[in-house]
Amino acid sequence: FSPPWSVFPECPVEALTSRASDFQHHAYEEMVRALFAVQSDCPYITRIYSIGRSVEGRHLYVLEFSDNPGIHEALEPEFKYVGNMHGNEVLGRELLIYLAQFLCEEYRAGNERITHLIHDTRIHILPSMNPDGYEVAARQGPEFNGYLVGRGNSKEVDLNRNFPDLNALMYYYEKQNGQNHHLPLPDNWELQVEPETLAVIKWMQNYNFVLSANLHGGAVVANYPFDKSREPRIRGKTISSATPDDKIFRKLAKTYSYAHSWMHKGWNCGDYFDEGITNGASWYSLSKGMQDFNYLHTNCFEITLELSCDKFPPATALASEWLANREALVYYMEQVHHGIKGMVYDENNNPISNAVISVAGINHDITSGTDGDYFRLLLPGTYTVTASALGYQPFTSMVTVGPAEAVQLPFYLKVQPKGTNLNVKSYSNKKGSSTAKIPPTNLGPR
């Protein structure tokens, strides 16, 4: 793992503190002002939009970076960062505000790496998923913040235990050779989640995100799915719960940990994580989390970044934390450009949306978006890839993926002749809900 360190020459912390943010904590109004200031400074590459409101009515603002804000360009992948899901875990919120300011400043300064990233990627930054919880935590301040004060939303619901439980359904389907992606949501799921969770789920459904990270605090480690164990917990023992994409998730987690100043060293906050990464269930099992939900309901691969021992660090620590995370935040975004991508067309060059892209040997399919484009994160290697869609004959190609930019692999599907019943992947659209019980005490950092 050799991130291009030299692209951002180190400057003294004193010079950095003269920036607009001044490395202070941002209460809600200050955060909103900071986001709109970035939009004002970089109007042609940014857009601010709200995905909904918190329980107390605060907007969940997203700042988007793109050379065509507000537009999905075919074959340009969508990326997201989510911060402050737990209201009292605040470093992620601040880092995402600084990241937004940094992207704007570097773009205006002509930084080639940042210009390339913004021109070729659509980046969505949600600094605070839980603005109500933050205000509760901030009233206590850094010195006196309890482990749980402000963690949940204003109804004291932990948002990272509030997503529909699709793991139980997935583990059932694994045994039945059933659906392996885009698992259906339970009936009336909208009534069972908090407004913040609902807003984020709708957001995920409206944008074809490819890669994501959600930023937490209370440990220093890159955590990858699955968070929920397949097996009942044996007393005193945790078991890793790997996804079909375990190798790529481990690589994504290492991408962040090795680009971070000290995460990869392993010993942090009194815990040891080899190479600064962990499988979620291997650490402790967690139900109804956002990370697993991304993978099981959408095309998006998400990891959970635990970024500080102190959940609410003092303002004096923010400048050095920004320096420790800056390269990692940028380098991780660049990982969205690996693997394969392409258009799925019919014989008349019309794009086919919702086509299923399957990779032999990896039991997790993804689908093409509304423009007919698909993105499949893969490690370097040779793969057999099949595109299929209802009413069309499947088509299979071999492709070799290298370590650089994603390989383009388009598919042209022929209409299925009438009267033939080709074996196209199709699954019953039976709504699944889980009755799995949640252990009451899994309140670690995540």
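The values are calculated or read from the model by the stated rules, or taken from the named source; none is laboratory data. Just so you know, these numbers come straight off a predicted model, no measurement behind them. With ideal geometry, Cβ positions are generated from the backbone for all residues, glycine too; neighbour counts draw on all protein chains shown. Just the protein is used for accessible areas: all its heavy atoms, side chains included, with ligands, DNA and RNA removed. Shrake-Rupley method; radii C 1.70, N 1.55, O 1.52, S 1.80 Å.
Which of the peptides 220-226, 101-107 is most tightly packed, and how do the rest follow, going by the mean number of other Cβ atoms within 10 Å of each residue? It would help to have the intermediate numbers written out before the result.
Working: 220-226: 27.4, 101-107: 21.0.
The densest-packed peptide leads the list: 220-226, 101-107.
Rounded to the nearest 20, the size of the Cβ-charge dipole of the stretch 306-357 about its Cα centre is 100 debye, with Lys and Arg at +1 and Asp and Glu at -1. When only the Cβ of Lys, Arg, Asp and Glu is charged (+1, +1, -1, -1), the dipole of the chain relative to its Cα centre reaches about 1460 debye. Cross-link partners for Lys251 among the aspartates and glutamates, with Cα-Cα distance under 14 Å and sequence neighbours closer than 8 places in the same chain left out: Asp274, Glu275, Glu302, Glu334. Between Glu56 and Trp189, the FRET efficiency from the beta-carbon distance, with R0 = 22 Å, is close to 0.45. If you sort the three axes of the alpha carbon gyration tensor as a ≥ b ≥ c, you get a/c of 1.5 or more for the stretch 207-365 and a/b no higher than b/c, which makes it oblate.
Would you mind working out the magnitude of the charge dipole of the stretch 259-354 relative to its Cα centre, with +1 at each Lys and Arg C-beta and -1 at each Asp and Glu C-beta, to the nearest 20 Debye? Present the calculation step by step, with values, prior to reporting the outcome.
Working: 5 positive and 12 negative charges, 36 e Å.
Computed about the Cα centre, the dipole is about 180 debye.
Centre-to-centre, using Cα atoms only, the stretch 368-383 and the stretch 239-283 are separated by 24 Å. Span-like helix criteria (full DSSP H runs; alpha carbon extent of at least 18 Å along the helix axis; mean Kyte-Doolittle hydropathy of at least -0.5) are satisfied in the chain by 28-41, 91-108, 318-334.
Per-residue packing, averaged as other Cβ atoms within 10 Å, sorts the ranges 211-218, 284-291, 330-337, 178-185 into the order 211-218, 284-291, 330-337, 178-185, beginning with the highest. State whether the stretch 73-178 is rounded, prolate or oblate according to the following rule on the C-alpha gyration tensor (a ≥ b ≥ c being the square roots of its eigenvalues): a/c under 1.5 gives rounded; otherwise a/b larger than b/c gives prolate, and the remaining case gives oblate. Cα axes put the stretch 73-178 in the oblate bin. Once you have a ≥ b ≥ c as the square roots of the Cα gyration tensor eigenvalues for the stretch 269-356, tell me rounded if a/c is under 1.5, and otherwise prolate or oblate according to whether a/b is larger than b/c. Prolate is the answer for the stretch 269-356, as a/c is 1.5 or above and a/b outweighs b/c. Measuring against 21 Å, Cα to Cα, the residue pairs Lys80/Lys341; Lys247/Lys288; Lys175/Lys254; Lys202/Lys228 contain Lys247/Lys288; Lys175/Lys254; Lys202/Lys228 as the ones spanning a longer distance. Excluding ligands, DNA and RNA, the accessible surface per residue across the chain is 41 Å² with a 1.4 Å probe. Applying a DSSP loop filter and a limit of 16 other Cβ atoms within 10 Å to the trypsin sites (Lys or Arg not before Pro) in the stretch 143-199 leaves Lys155. Counted residue by residue at 0.36 nm each, then reduced by the alpha carbon distance between them, the extension gain from Leu148 to Ser40 reaches 35.3 nm. To put it simply, the accessible area of the chain at a 1.4 Å probe is 51 percent carbon and sulfur.
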